[in-house]
Amino acid sequence: MRESEDLLVIIRHAPHDSNWLREGLDAALVGAAFGQSVRLLFMGQGALALCREQQAGAPGQKASLPTIDMLEMYDIDQLNVPQRVLDDLKLPLEALVDGVTPLSERQVKALFSQNRPILNF
Amino acid sequence: MDYGLLVMGAPYSQPAPHSALRFAHAVLARGHRLVGVFFYHDGVHNASMLMTPPQDELNLRDAWKALHKEHDVALDVCIAAALRRGVISQSEASRHGHDAFNLEAPFELTGLGQLLTLQQRCDRLITFAS
């Protein structure tokens, strides 16, 4: 059994890009329900999941924003996105939901170099 | 070393299942232990007993089954991801009013908690996603 229970869940896919985002968030929620301290890192297109005021997808597709909004209820309050990704996508921080912390390259590297379980979606 | 595998790629659409199987056999050949394989996302289709590839192609479901039989590797399938995609056991099928089912032992429908438990039990959890 590992000593560190600090789970890092990485989201790399935009909303409605298959079911990656939904099933990645499900894994994060279950981790939190199991008492793990969960940190979410949104990389690449995954950062689009954090856009506030986004709509549901194609007819019948469930919106993912309500799940993002309720993460805090599960004590998942570490929502990170690399600043470089925000720059690449031309996304100002104000366009994102509350509570997102941008990370520098150095901080992202530090996250990966710590010995912790990681799940990638 | 204890290994676990997370398979999220669909059979015959993505290389992930083939890569995962080859990795599984390489790990075992080098004397490591493979504790379990967890199927999530499109990887749940690996468990379908109705998959019927041509005879000269590897039947991936049978290959996973053989891995379980020969090396006692647990084959866990996320129940939410599977039911959503029409991969369903007999008991779940009857519970949801379906006439047919396509998942049976040694594959087991289970919750995502099993994935986290596998990750905690293993020294390495290797993901095969696409």
Point to revise | Neighbour-count order for B:I126, A:I11, fewest beta carbons within 10 angstrom listed first | key: B:I126, A:I11
Review point. In whole Å, what is the distance between the alpha-carbon centres of the stretch B:1-52 and the stretch A:54-121?
Key: 28 Å
Check your understanding: So, how do all the Cα-to-Cα distances of chain A break down into 10 Å bins, in percent, from 0 on up?
Key -> 13, 47, 33, 6, 0
Review point. When chain A is treated as a GNM, springs tying every alpha-carbon pair under 10 Å, which of A:A32, A:A58, A:A14 comes out with the largest mean-square fluctuation?
Key: A:A58
Exercise for review: Taking 7 Å along the Cα-to-C-beta vector as the label spot, tell me the A:L89-A:Q55 distance in nanometres, rounded to one decimal.
Suggested key: 1.9 nm
Exercise for review: Springs between alpha-carbon atoms under 10 Å, Gaussian network over chain B: tell me which of B:P17, B:P53, B:P106 tops the mean-square fluctuations.
Suggested key: B:P53
Review point. What is the mean projected area of the alpha carbon convex hull for the protein assembly as shown, to one decimal in square nanometres?
Key: 15.1 nm²
Point to revise | Derived scalar couplings ³J(HN,Hα) [the stretch B:90-99; Karplus, 6.51 cos²θ - 1.76 cosθ + 1.60; whole Hz; x for Gly, Pro] | key: 4, 5, 5, 4, 5, 5, 9, x, 9, 7
Review point. What helices does chain B have that are whole DSSP H segments, at least 15 Å long along their own axis by Cα, and with mean Kyte-Doolittle hydropathy of 0.5 or more?
Key: B:16-29
**Study point:** Max mean-square fluctuation residue, GNM over chain A, Cα-Cα springs under 10 Å, options A:P66, A:P82, A:P15
**Key:** A:P66
Review point. In what sequence do A:V30, B:V7, B:V35 fall when counting other Cβ within 10 Å, fewest first?
Key: B:V35, A:V30, B:V7
Check your understanding: In the neighborhood of A:E105, defined by Cβ-to-Cβ distances under 15 Å, what is the net charge if each Lys or Arg adds +1 and each Asp or Glu adds -1?
Key -> +1
Review point. If you average over every viewing direction, what projected area does the convex hull of the Cα atoms of the stretch B:57-103 give, in nm²?
Key: 4.1 nm²
Check your understanding: When only DSSP loop residues count, what chymotrypsin sites (Phe, Trp or Tyr not before Pro) in the stretch B:43-130 have their Cβ near at most 11 other Cβ atoms within 10 Å?
Key -> none
**Study point:** Under 11 Å from the B:L28 label point (7 Å along Cα→beta-carbon), backbone N, the stretch B:39-63
**Key:** B:63
Practice item. Please go through the stretch B:27-108 and write out the trypsin sites (Lys or Arg not before Pro) that DSSP classes as loop and that have at most 13 other C-beta atoms within 10 Å. Key: B:R30
**Study point:** DSSP-loop GluC sites (Glu not before Pro) across the stretch A:4-59, with at most 12 other Cβ within 10 angstrom
**Key:** A:E53
Practice item. Treat each spin label as a single point 7 Å out from the Cα along the C-beta direction, and report the B:R124 to B:T52 distance in nm. Key: 3.9 nm
Check your understanding: Taking the stretch B:2-128 as the region of interest, what is the percent of Cα-Cα pairs per 10 angstrom bin, listed from the shortest bin to the one with the maximum distance?
Key -> 14, 47, 32, 7, 0
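Laboratory data are not the source of any read-out in this text; all were calculated from the coordinates shown. In this text, all values refer to a predicted model and were calculated from it rather than measured experimentally. Heads up, the Cβs are rebuilt from the backbone with ideal geometry, glycines too, and the neighbour counts pull from every protein chain shown.
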